[in-house]
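Here's the structure, in structure tokens; my notes come after.
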Amino acid sequence: MTDALVPMNYPLLRGIDSPADLRRLPRADLVKLAGELRAYVLDTLSNSKVGGHLGSNLGTVELTVALHYVFNTPHDRLVWDVGHQTYPHKVLTGRRDQLGTIRHLGGISGFPRRDESEYDTFGTGHSSTSISAAHGMAMAAKIKGEDRKAVAIIGDGAMTAGMAFEALNNAGVPHGGLMGDLLVILNDNDMSISPPVGALNKYLARLMSGSFYSAAREGAKSVLKNTPLYEFARRFEEHTKGMVVPGTIFEEFGFNYVGPIDGHDLDALIPTLENLRDKKGPQFLHVVTKKGQGYKLAEADPVKYHAAPGKFDPAVGFVKSAAPAKPTFTQIFGDWLCDMAEQDTRLVGITPAMREGSGMVEFHKRFPSRYQDVGIAEQHAVTVAAGLACEGLKPVVAIYSTFLQRAYDQLIHDVALQDLPVLFALDRAGLVGADGATHAGNYDIAFTRCVPKMAVLTPADENECRQALFTGFQHQGPVTVRYPRGAGAGVEVQKQMQALPWGKGEIRRESGQPQGRAGSPRIAILAFGTLLYPALAAAEQLDATVANMRFVKPLDQELVLELARSHDGLVTIEDGCLMGGAGSAVLECLQAAGLQTPVLTLGLPDEFIEHGDVPSLMSQCGLDAAGIEQSILKRFGGRPALLRSAANE
């Protein structure tokens, strides 16, 4: 939209095309601007077909305004952790008119991207990277002799990751005599500040960030240094400060800790940020915000309103559809987990801070002693599972495919190398739609199947997912079971759990085409995962054989070789990267057997795939039924009409 399309009830926001416009406003107008910005974000998301992160963005409005008002962005670098709280940032940095396109195909991203705006100084989507990146930028400024600040904005949830503390440990000490001018802002939305405490903390924050406090502290150090009183004074300051502010740990890392202050109070934020902006070395500001601030429904239920699912009425909130939806794969996993836990008391469920996303709410409620949320600490999650398995328990790690990437060493070193029975339930495998490349699970087939002792299962539908999870749980070794976001083909789920034949696929459609028929080659499609169903649709047009492979590892080599000998060509289909994926496994099998059967491998291209709705993205990648059919015709020749008529003879 253009300025003319921005409603008149946003008079200040209409005039903000960049942070420079914001910095020209009188400070007295900033509270009103923040109100307009919050309303604009809520209004835009409530009219979006694909929704977006809601509560986290409503909670960072004042902080975003204050940061762009105080710092000279983009010269000063703002690095947002995770990035799902950057919608206000995008609005203030020239993308106000594009906010309605966020997460849509061809629209702006739901996360910061360096190729989208110079104000997005670091691309992100996974958590706990901000302090490391901002430290690198601060050190680069020192090395290059540039006068600029680097600011990392990180949430209290992201602070649970080890990487954040690795960065703090490194950033708080000099490097070659240089100390970067780094400000870390901890955005803590897990508590609220009562008015008396808030007033006291506001006073302390301004006092401790001001020049008098710093000068007095440094002066006292100079006077007392090399005297018996120095150590006493240092400890007295440390412990006295620790009684009124929870900053001792950050001081030990070498940061000057300030806070906590109310992150919605611009009269507290702006002076404190101005004081910290003018300081040298590592600074740490603790701000407290409320997720969903300003929208009562989101404030009351921040978990539910973390993300808006699509269009909704802000007056009444999210309303469930009257029509019952098909169960998602996540729900299938959650139900299986509870049922399996009832049968086997050794089962322990582990999640790295994704209880809701991974479908573990009911399991947590029913089996609290066997539930572990380790926080945003994927490496720790995998090694905890390894420790549990060493003691005879049966851990199930519920983790998004894209997040398992962060624990790859632990997967190899701590689990597979010791051949431990850990089941990895990989949610969000394949394309994830509006979240885009940062969250797409494109690589897990390739990076898990190359690990010795690791089994890789790719169920095709809801019922097969339940049975595959049961199968993997029974296996005495490491297993991954991968499944996509959202619902499947709508196959009825059987309550009874029955193990799939280990390492065996199945023929789902048999071609009636004789091998070697002129102009009409006999083709077999080997489908891995949920792409079985578009493969079946394409096979109906081509009269092709279709195999539901179920296992990438161990691969059903007997079935592969049988199909290779009885068909003129093979086609492999997977919703993962082609290099090193399931298609590569089939090619390796044929090569080892000395067979020369032509093979067409279909999968996700060697590129990062943009955000958008999954059907459109799959169509662009040629992985819908029409795309599969066209790719087969292009590779093996023939015409659909000819092939269909041959099938009817």
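The values are calculated or read from the model by the stated rules, or taken from the named source; none is laboratory data. Every value quoted in this text rests on a predicted model; they were computed, and no experiment measured them. Glycine also receives a Cβ, built like all others from the backbone with ideal geometry; neighbour counts cover every protein chain displayed. The accessibility values were calculated without ligands, DNA or RNA, using every heavy atom of the protein model including side chains. Shrake-Rupley method; radii C 1.70, N 1.55, O 1.52, S 1.80 Å.
Quick one: give the max-minus-min coordinate of the C-alpha atoms of region 413-498 along each principal axis, largest first, in Å.
Principal extents (Cα only, largest first): 37, 37, 14 Å.
Report, to two decimal places, the Cα Rg of region 366-406 normalised by 2.2 N^0.38 Å (N = number of residues). It would help to have the intermediate numbers written out before the result.
Working: Rg = 10.6 Å, N = 41, 2.2 N^0.38 = 9.0 Å.
The reported ratio for this selection is 1.18.
Could you work out the relative contact order of the chain, using alpha carbon pairs under 8 angstrom and six or more residues apart, expressed as a whole percent?
Working: 1310 pairs, mean separation 70.5, N = 649.
Relative contact order comes out at 11 percent.
Mind checking region 540-610 for GluC sites (Glu not before Pro) that DSSP puts in a loop (not H, G, I, E or B) and that have at most 16 other Cβ atoms within 10 Å? Walk me through the intermediate numbers first.
Values: sites: 540, 558, 562, 574, 588, 607, 610; in loops: 607, 610.
Answer by residue number: 607, 610.
Rounded to the nearest 10 degrees, what's the angle between the helix 266-277 long axis and the longest principal axis of the chain, both from Cα atoms, 0 to 90?
Tilt of helix 266-277: around 90 degrees.
Using alpha carbon coordinates only, what is the Rg to Rh ratio of the chain, with Rh defined as the Kirkwood radius?
A ratio of 1.03.
With a 1.4 Å probe and every protein chain left in place, work out the accessible area per residue of the chain in Å², rounded to a whole number. Please report the intermediate quantities before stating the final value.
Working: 26650 Å² over 649 residues.
Counting only protein heavy atoms, the per-residue value for the chain is 41 Å².
With a 10 Å radius around each residue's Cβ, average the other Cβ atoms per peptide and rank 296-305, 95-104, highest first. Mind dumping the intermediate values first?
Numbers: 296-305: 16.5, 95-104: 19.2.
Descending packing order for the listed peptides: 95-104, 296-305.
Keeping the other protein chains in place, figure out the carbon and sulfur percent of the accessible area of the chain, with a 1.4 Å probe.
55 percent
Rounded to the nearest 5, what % of the DSSP beta bridges within the chain are antiparallel ones?
15 percent
Quick one: 3J(HN,Hα) in Hz for region 361-371, Karplus 6.51/-1.76/1.60 with θ = phi - 60°, rounded, Gly and Pro as x.
For region 361-371, the Karplus curve yields 4, 5, 4, 4, 5, 8, 10, x, 6, 10, 10 Hz.
Compute the Kirkwood hydrodynamic radius of region 46-160, taking the inverse of the mean of 1/r over all pairs of distinct Cα atoms, and give it in Å to one decimal.
14.6 Å
Relative contact order of region 42-179: what whole-number percent is it, with Cα pairs under 8 angstrom and at least 6 residues apart?
That works out to 25 percent.
Restricted to Cα positions, what overall size does region 35-87 have along the principal axes? Three whole-Å values, descending.
So the extents along the principal axes, rounded to whole Å, are 35, 24, 16.
Once you have the Cα-Cα distance between residue 175 and residue 369, take 0.36 nm times their residue separation minus that, and quote the gain in nm to one decimal.
Details: separation 194, 0.36 × 194 = 69.84 nm, distance 4.51 nm.
Gain on extension, residue 175 to residue 369, equals 65.3 nm.
Below 12 angstrom from the Cβ of residue 616, what's the summed charge of the other residues (Lys, Arg +1; Asp, Glu -1)? Could the numbers behind the result be given before it?
Values: positive: none; negative: 610, 613, 624.
Taking every other residue near residue 616 into account, the sum is -3.
Can you pull the semi-axes for region 20-60, root of five times each eigenvalue of the Cα gyration tensor, sorted largest first, whole Å?
Sorted largest first and rounded, they come to 24, 10, 9 Å.
Please give the helix 625-636 orientation as an angle from the longest Cα principal axis of the chain, in degrees from 0 to 90, rounded to the nearest 10.
60 degrees
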